[in-house]
Each structure stands twice: as structure tokens, then as C-alpha cells.
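See structure below.
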Amino acid sequence: MSDTRRRVKVYTLNEDRQWDDRGTGHVSSTFVERLKGISLLVRAESDGSLLLESKISPNTAYQKQQDTLIVWSEAENYDLALSFQEKAGCDEIWEKICQVQGKDPALEITQDPIDESEEERFEEMPETSHLVELPPCELARLEEIADLVTSVLSSPIRREKLALALMSEGYMKKLLQLFQVCEDLDNREGLHHLYEIVRGVLFLNKAALFEVMFSDDCIMDVVGCLEFDPSLVQPKKHREFLTKTAKFKEVIPITDSELRQKIHQTYRVQYIQDIILPTPSVFEENFLSTLTSFIFFNKVEIVSMLQEDEKFLTEVFAQLTDEATEDGKRRELVNFFKEFCAFSQTLQPQNRDAFFKTLANLGILPALEIVMGMDDLQVRAAATDIFSYLVEFSPSMVREFVMQEPQQTDDDVLLINVVIKQMICDSDPELGGAVQLMGLLRTLIDPENMLAPTNKTEKTEFLSFFYKYCMQVLTVPLLASTVDEKNCKDLQEGSTKINPVCPDHFQTAQLLALILELLTFCVEHHTYHIKTYIMNKDLLRRVLVLMNSKHTFLALCALRFMRRIIGQKDEYYNRYIVKGNLFEPVINTLLDNGTRYNLLNSAIIELFEFIKVEDIKSLIAHIIDNYYKALESIEYVQTFKGLKGRYEQEKDRQTLRLNRYRRDARTLDEDEEMWFNEDEDDDGEAIEKSRPEEEFPESYGKYMEAKKGAANGTNGANCKPATSPTSAASPNGSPAKSAAPPATPVVKTAMVGLVDYPDDEDEEDEDEEQSPRKRPRLGS
């Protein structure tokens, strides 16, 4: 359907009282057999699917707002809205709704919504069936009017009736005219009554009343009424602020008068909600939901109108990046984009997606690259806010842009390097800007948001880019503020406990803490790239210099960096730590801390406890071998005794393993010797299974006889010399007696009697099975 009059957006109100966009389509009113009545149908313009099917109920209250909105409730806590592209389309559907309900299309609301709990109660009160009777709009009756408005706020049905009464005969405008009279006469009592009246009318939560009150000729009088709060000694000067202090600046002339009026109105209504009106109580929190919706739809309309004006945005970008643009003008342009992006947050995801794509196509990122490098602090701060909107919306879009930059520009002016330098050079004593930028960098380098299936290589490519072009810029302050142990010793004549270049300036320490936090994040999420960087730059040694800082938070950051490295349980890291003797500054800090029970003490103890619990053998051995004498006096925790215990256990295991290896080596030598004997004297004969232990002496004697005979034979040169002590001695240690070689050498039982262990019976079968595999190795 090409009729733009019927083009609408469908909205539903969520639990947070925010409007969710359900899609764009074309609306029609037709009879639906299934629903047995005239219904509103909205079909999506993209695929024709049904976005909305709602029967026009005779008892449903429909409201027409701002000429292009129709709002109604279909069930409890389920509000719907149709936002029309054109006023004519809204009028057409509104007339159809009024026709079905038999109402006058001139009305802004078709029904008086009645709460079910009150409906029965008011059926018994016929006097409430008519509209609320308002007193004449006169100065003398202001107190009576104020009491009436205040009294109806607790009753939904009376609020509805009062709203209808106020909308009739221009009553609201007459009240605002009385404000001018009271102010001219300095009638404070009347002004205080008008404050109560206007505040109560806002809490009626009616869009039709807002249309009147927030019109150009009424809104400043509304603000004026709200200045005279009876609880204040002196009235506020809100109108003075809005007309004199708050200046509307058109960075590029806006030719559309409707757009300009909408911007003015939205700013003033937002000011009323955020500044003038007191924070609503628990009982009043829903009274201003329509006011919130009013502002929301205004912002949506402003963003849409600006986005569709390509000529306007193109001109803004051209002036923003033009070197000839004056600093003051550029500041206004950047602030305009900041507000523009802030307004875009009211859009639904699909609309926000289109919005930021429009900005990207117009060149927002190259423009930010220029303005973020400027000296003007206000410009840089606004540009940072815009950049944060872009990163939050689509980190991938920002990464895609920065990876294309090295082909076009120098490393120093890469967007991410500009961001890093701005973080490093933040002049704020509390580093507020640096903290914000560090969070943005963390988002950009977080692999968790690099998992888009459309670009599986994004993680590898971007991290390679970051470590090649940006990491050295990030670590410049860290490397400049620390020295390695050797230089530190040279500078301090052997002392390693006080570092003369360790940063003690608070702001510098804060900056280094931020950098360490980011590097710690990298250790956890960038396994390969950060490991390579740490090894190449010997980074951990430089970081541990900061353990000597007088600022405990910085020492803890350095410790946390090491703890995260050890937490990877990576032997490359462990060997690096052992080789560099990098536990020394940590242990020195622990000893210097003495018996103080503080966070630093607990963090260091936890580091060693982790090593103990995880049984990281290489680190345990290094710590015990090199530092146990210094640590054994610490007995308020059992951590170091536990490390010593682990160390001793592992040492015992190694000893047992070595002894077993030597025993197995002896058996192997004897097995080889028997194999050669068998090969020489009884080639090809199968080896019998073991005989019982009681036959061992006889078998051993026969084996020795056969061995002696083989040694004196013609092939004796082929036998391997017996080097094992057990090959020439009996089990009791006495020399074996010589005997004449038997006619048939008994070698097939010889494998049993070399060394017999009581619990090795099961292993003997394994030896038989393994012996054929030894043959190639022995013959080699």
C-alpha cells in the first residue's frame, strides 16, 4: 500500500512505562468475522505480516494526542498507540473509531474510563453521573478551585470527569490568564493557589490538557505558576532561566518552523518534569506517565525529522570537519550532535540502528577523530560522549573503521590511539574522563562482543591490530614510571625496597591503576597476544616495581595483575616468573607490611594460598627453595607451612620414582642378557611362563650354569657383559657356584629368577608381552 496517510508505527507500553516499537505498517479499518466487529488492522510494510488486529470496542476509551497519535488500553496494563505519519490519516481513523462508538470526532477522548472497583460504587450515586461542576474562573474562587483539583486526585473516575470539565469552554486558558493578573497585583495567596491548581492538573495525566498547557502561548504561564511553591520563602526564577540563560542556538539554520517549535516545546516540558516538579511519591509515580510519553514521542519526531533532512546533516558534518570553522562554532556543532545522539536513545532498536548507520555513512567517526584531538576541553568532553554512544550501540562498527585506518594515516592519529592519549592526558584530578574512556576501550577489546557469526575473523584481526598499533601507546606511562630491578639497584646502590622513580603523585597513580586494570583484563581474555607482549617487554617485572608505591591501591593493582597471570596456570608464565625471580618484590612487600592485618596482607596471602591449593609445582619449588627461610616465621596462617608440605610430598614422590626407575633399569639389563642367551643357545624356542617361587633357587642355579657354559662357548662374544651386581650373585648375596654346562641349557625359565618381588607376579605377564617390542631397540 503506497498511501502514506495510513502509514503508522505500532507501540505498546512496557512494564517500565516506556513505549516499545512493534513495527511500521499501514492501518485499515474493516469488519473481521472472527472478532464480530469493525477492527483496526495494521500490516507490516516489509512483509505484509499482521502487526495489530484490534476490535473497536464500544466501551474502550480511545484518546487522540498531538494530532498524529491514537492511544488506548485493551486490557489491564496493556496500552497501545498508533503513531501516524500524517495528520490526515490520524483524522480518518479517528472518525472511524468515533463512528463505531457513536461519538463526536471533535472530542479528544471517546469514553470516560471507569475503574471496575469504583463502577458499582458510583452506580449508587446518580449525582456523579454528570461532569464535575467547576466554580467560575475568578480570583475570589481560586482557593475553591484548588481544593477541588486536589480532592479528585485519589479517584480515577473523578480525575476523568474533572479533565473533561477543564477542557470545555477554554477553562484552562482562563486560569492561566488569572495568573498574569495575580502576578501584576503581587497577589501571593492567589499565586500559591494557582501553583496547587497547575500541579494538580499535571497529575491528571491527560494528553489533551498537555496540548493546551504546553502550547507556545501558554507554556511560560504554566512555568510561572510553578514558580510560586507555597513551601518556598522566595519564588524560583524558572522563566528567567528559560528565556535568558538557556539560549537556543541553531548551529545550522532550521528552516522547518514545525521542527523548531517542537524542539522548543520538548526542552521546556523536559525542564518542567526534571527541574520544576518535585519527585513524585510512591502514590504519585504513575500520575505523570502521560507526560513522559509526551516527551518521548516529541523526541522520536524530532530525531525522525532531522534524520530525514539529509541536506541539514550534510552541512553540519561539513562545518564540523572544516579547518576554517571557528572554535566556538565547532563547539556548538559538537554539542548539537551530543544532544542529537541523546535523543536517539528514545528510539527503538531498529530505528536506532538506522539512525547510527546514517551518522556512520555521513562520516561521524572521522569527524570524531578530528575533534577528540583538539585542545578545547568542552569539545573533547562532548566528543567523548558521542563516541560512547557509538561504542555502546555497535563496537563492531567502530572496530571496522579503526582497522582500515593504518592504510590511510599515521599511527599517532589512529582513532583508538587518540582515545588512549586523551585518557592519559586527562586533566581532571579525579580522572572522570579517563575512567569513561577506559570503559570504552575495554568494550572495544572485549572478545565477548566479537562473536558475530557474520565475521568470524574479527577477533583475530582486531586484536592483532590493537597489539601492533595501540598497546605500546597504552603502556607508555607504565614503562616510563617504572624501572627494572637492575636499573633500580644501580640507582639505589643495591637497595630494592624503595624505588626513586616509583610514582607517588596521586593522579599519576590513579592513571597507572586504570592502565593496570585494563592489562589485567587482557591477561584474562587475550591469551596469546598479551602473553607475547608480557614476555617481550618483561612487563611483569616493570609492573611489580609498583609494589613499592606509597599508594596501597596501586600496589594492589600490581599484585592483582600478577595474580591474574598465575591464575592462568600456564607453564610459560610460571617459567618466566621463576627465571626472573619475580616473587621477590611481592615477598618484600609482605615482610615490610609486618604484622598489619590489612587488604594488602590478605591479597598476598591469597596469592600464595592459590598456588598451594592448585598445587602449581614449579612455583612451589621455587618459593620454598629461595624464600622459605624468610617466610617460615609467618605462623598466623598455615599457607607457607602448607607450601612446605606440598614441596616435601613432591620431593618424596620424586625419590620413589627415581628408585623405581633404577630397579626397573636393573631388571631390564638382566632381561636383555637372558634374551641374548636364549637367542644364542635355543633360538626360536618359546619362553615358558614363570614357575612358583619355591623353584627359584633351582632355576637360578640352572640359569647360572647355562650362563657360564654360554660364556665359554664359541658365540660368547655376542653376549652383552653382565654389569648388574645381581647377575653374578645369588639372592642371599653369596657368589654363585660354577657347574658344568648341562646337555640342554635351561634358559626358558631364566626370566623368572633374576629379581623376584612378592607383589610383581602380575607384572611378569606384562614383561613377557613387552619383551618382543624391545627387540628392535636392542638390536639397533
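The values are calculated or read from the model by the stated rules, or taken from the named source; none is laboratory data. All values derive from a computational prediction rather than experimental measurement. As a convention, Cβ positions derive from the backbone with ideal geometry for all residues, glycine included, and neighbour counts pool all protein chains shown. Surface areas here come from the heavy atoms of the whole protein model, side chains and all, with no ligands, DNA or RNA. Shrake-Rupley method; radii C 1.70, N 1.55, O 1.52, S 1.80 Å.
Could you tell me which of the residues Thr290, Thr325 is hydroxyl-bearing (Ser, Thr, Tyr), at pLDDT below 85, assigned to a helix (DSSP H, G or I) and open to solvent by less than 60 Å² (accessible area, probe 1.4 Å)? On inspection, the qualifying residue turns out to be Thr290. When we screen Met372, Met397 for residues that are farther than 25 Å from Glu326 by Cα and open to solvent by less than 40 Å² (accessible area, probe 1.4 Å), the only hit is Met397. Hey, Ile275 hits all of (1) within 25 Å of Gln66 (Cα to Cα); (2) at pLDDT below 85; (3) surrounded by fewer than 18 Cβ atoms within 10 Å (Cβ to Cβ) but one; which does it fall short on? Answer for Ile275: the failing condition is (2).
Just checking, does the stretch 466-476 include any residue being out of contact with any Phe, Trp or Tyr (no Cβ under 7 Å at 6 or more places or on another chain), loosely packed, with under 13 Cβ neighbours inside 10 Å and modelled with pLDDT under 75? The answer is no; no qualifying residue exists.
Screening the candidates Ile93, Ile70, Ile97 for the property of being closer than 15 Å to Phe297 by Cβ and either outside the structural domain of Met167 (by the TED database) or not in a strand (DSSP E or B) (or both) yields one hit, Ile70. Scanning the stretch 138-176 for residues that are assigned to a helix (DSSP H, G or I), under 24 Å from Pro235 (Cβ atoms) and open to solvent by 60 Å² or more (accessible area, probe 1.4 Å) returns Leu139, Ala140, Arg141, Glu143, Glu144, Asp147, Thr150, Lys173, Lys174. Scanning the stretch 182-219 for residues that are loosely packed, with under 15 Cβ neighbours inside 10 Å and either in contact with a His (Cβ under 9 Å, 6 or more places away or on another chain) or more than 24 Å from Gln273 (Cβ to Cβ) (or both) gives Asp184, Leu185, Asp186, Arg188, Glu189, Asp216. Taking first residues from the stretch 629-651 that are under 18 Å from Leu591 (Cα atoms) and partners that are outside any helix (DSSP H, G or I) and aliphatic (A, V, I, L, M), the Cβ contacts under 6 Å between residues at least 6 apart in sequence or on separate chains come to Phe640/Ile634.
Looking across Phe228, Phe179, one residue alone is surrounded by 18 or more Cβ atoms within 10 Å (Cβ to Cβ), outside any helix (DSSP H, G or I) and of a type in the set (A, V, I, L, M, F, W, C). It is Phe228.
With respect to being closer than 28 Å to Leu511 by Cβ, among the aliphatic types (A, V, I, L, M) and in contact with a helix residue (DSSP H, G or I) (Cβ under 6 Å, 6 or more places away or on another chain), Ile587 fits the description. Which one of the conditions (1) assigned to a strand (DSSP E or B); (2) open to solvent by less than 70 Å² (accessible area, probe 1.4 Å) does Gly48 fail to meet, given that it meets all the rest? It is condition (1) that Gly48 fails.
In the set Asn335, Asn351, only one residue is at pLDDT below 90 and over 18 Å from Lys249 (Cα atoms); that residue is Asn351. Screening the stretch 543-559 for residues that are assigned to a helix (DSSP H, G or I) and surrounded by fewer than 20 Cβ atoms within 10 Å (Cβ to Cβ) and picking the one that is farthest from the chain's Cα centre (by Cα) gives Thr552.
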